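Throughout, read-outs are computed from the coordinates displayed, never taken from laboratory work. All values reported here derive from a predicted model rather than from experimental measurement. Here the Cβ is made from the backbone with ideal geometry for all residues, glycine too, and neighbour counts use every protein chain on show.
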Amino acid sequence: MVNFGFVIDNRKCIGCHACTIACKSEHDVPIGVNRTHVKYIEKGQYPDVTREFSVHRCNHCEDSPCTTICPTTALFNRDDGIVDFDDDRCIGCKSCMQACPYDALYIDPNKGTAAKCNYCAHRIEHSYEPACVIVCPTEAIVSGDLDDQNSSISGYLRDHDTTVRKPESGAKPNLFYIETSQDMLDPHATERNGEYLWTDQAAGVGHYAKYAEQRVGASDTNSMIVQLALEKKARAANPRDKAIIHDVMERLELQSKRPKRSYDQPSKGVLWGWEVSAYITTKAIASGTYLIAMIAMFAGILEMTDELWWKLIIGCTTFLGITGILLIMDLDRPERFVYVLLRPNFSSWLVRGAIFLSGFGGILALSGLILFFDLERIYLEYLAIAGIPLSALTGVYTAWLFAQAKGRSWSRDKWLTAKMSFETLVAGFAGTLMLTATLTANDMLNWIIAIIMCSWVIIHGHKAVREPQLETLH
């Protein structure tokens, strides 16, 4: 059985970017995004300075997290080991980009769909090698069948010590490096000190990559210029300022001894923005309010009158509807949102979450019909028996979706489910207080407490979604 992979021989790579350009030409890759790129790092101090190059791209993992999280099987593992993608199924949800530990995916700004290195599958099918392999002037990129003991790539693996990027991710990458340093492979060993070619896209590739071309002229401020300016200023400064300037220069010197990232691909920035933060809040209010109100009803704490039932159903349906709108707004192909249910990948918590949302919405709709047609109220309680677990799952499933995002720290947070459950309960208590409160002075304290609770959920949710996305992946 065929199992394609890559070996990158760092002894030979000269950082010429021929692989990047060949890939762009072969696949018509837009400006601002790359399927393959070369990362540079520098070590040492002048004159003992070295520069290291390394080619980064999709690792065609055996246990690929991108195919697991993709809700529509737009990303899939072929029988020959290649991780490929189907433009026609992609909804532009960006979950694959969150799941990839290697930051190998991007959203095509012209199509609004995910893309990445696909091993030039169209060439492989006609017995040609990938474009990057053909064009490399030093033959630093080796491709072939990892399971064929007579292949060139198997010989490389047999004769050399190789390493992979982020083995702790559990993705089992099929891209191996010969004689590369940990400083190169570890994204935290070097800092992003500025912007690189075509500049960073702080707002995110998902919706904003189409603006990348407008920022081509942006440049980085070189730390050497800063140091020269400080030295000139120090000559004319008073003794107190000189001491401050020399302290700054000493810190710059200490930093210069560390490995420095001198070139990398543009950052994709925050992929899931305010829409996702807001959806977590609205979902927590809708599901939490129903959950708390029903538990209180069965516990005999809350008497559900017709007025309260109407408030509960209308309020929860409204917030659940807003949740759906926000989810669709976040997609780069929003017209395809129904693919989540029509072309589902049931291993993805996006699909399972959509089922929970639909089920909870169905409970609310049936409850509304019972009230509208003035049927026996006992049916509302029967529905609540199914509604309680569905509302709980609606509130908490995003934690399990985030856990599938292996590229982010969400997947390593063992308390994530508890945190999201707590958010749902806090939002539920706030919603129940608003549900039972009146617009009188006597209930003013309840309104204040509810608003404070909702504010905390909004702030905490925004922070929880944004911060992990600011970590560099490559």
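What's the FRET efficiency of Ala299 with Ala441 using the Cβ-Cβ distance as r and R₀ = 22 Å, to the nearest 0.05? After rounding, the FRET efficiency stands at 0.15.
Qualifying chymotrypsin sites (Phe, Trp or Tyr not before Pro) in the range 379-474, where qualification requires a DSSP coil assignment and no more than 15 other C-beta atoms within 10 Å, comprise Trp415.
When His126, His160, His60 are sorted by how many other C-beta atoms sit within 10 angstrom of their C-beta, beginning with the fewest, the order is His126, His160, His60.
Let me make sure I get this right: for the chain, a, b and c are the square roots of the gyration tensor eigenvalues over alpha carbons, sorted descending. Under 1.5 in a/c it's rounded, otherwise prolate if a/b > b/c, else oblate. Which is it? Oblate, since a/c reaches 1.5 and b/c is not below a/b. Charge dipole of the chain (Cα centre as origin; +1 on each Lys and Arg Cβ, -1 on each Asp and Glu Cβ, all else neutral): 1100 debye, rounded to the nearest 20.
In plain terms, the chain from Asn110 to Ser409 could stretch by 104.7 nm, reckoned as 0.36 nm per residue minus the Cα-Cα distance.
Figure the gain on full extension for Ile21 and Arg258 (residue separation times 0.36 nm, minus the Cα-Cα span) and round it to one decimal in nm.
Length difference between fully extended and current span is 82.3 nm.
Tally Lys/Arg at +1 and Asp/Glu at -1 over every other residue whose Cβ is under 14 Å from the Cβ of Asp63; what's the total? That works out to +1.
A straight chain from Ser152 to Ile325 at 0.36 nm per residue would run longer than the Cα-Cα distance by 57.1 nm. Size descriptors for the range 274-470, from the alpha-carbon set: Rg then Dmax equal 17.1, 53 Å.
Annotation note: GluC sites (Glu not before Pro) in the range 367-456 located in DSSP loop regions with a Cβ neighbour count of at most 13 within 10 Å are Glu376. Farthest toward the dipole's positive end in the range 91-176, which of Val133, Asn110, His160, given Cβ charges of +1 (Lys, Arg) and -1 (Asp, Glu) about the Cα centre? Value computed over the given set: Asn110.
A Förster radius of 25 Å combined with the Cβ-Cβ distance from Thr417 to Thr163 puts the calculated FRET efficiency at roughly 0.15. Can you list the DSSP H helices in the chain whose Cα atoms extend at least 15 Å along the helix axis and whose mean Kyte-Doolittle hydropathy is 1.6 or higher? Taking the DSSP H segments of the chain (at least 15 Å long, mean hydropathy at least 1.6), we get 349-372.
Holding the Cα-Cα limit at 19 Å, pick out from Lys94/Lys260; Lys94/Lys406; Lys94/Lys268 the pairs that are longer than that.
As for pairs spanning more than 19 Å Cα to Cα, those are Lys94/Lys260.
What the Cβ-Cβ distance of Glu62 and Thr472 gives, at R0 = 22 Å and to the nearest 0.05, is a FRET efficiency of 0.35. Annotation note: trypsin sites (Lys or Arg not before Pro) in the range 404-451 located in DSSP loop regions with a Cβ neighbour count of at most 15 within 10 Å are Lys414.
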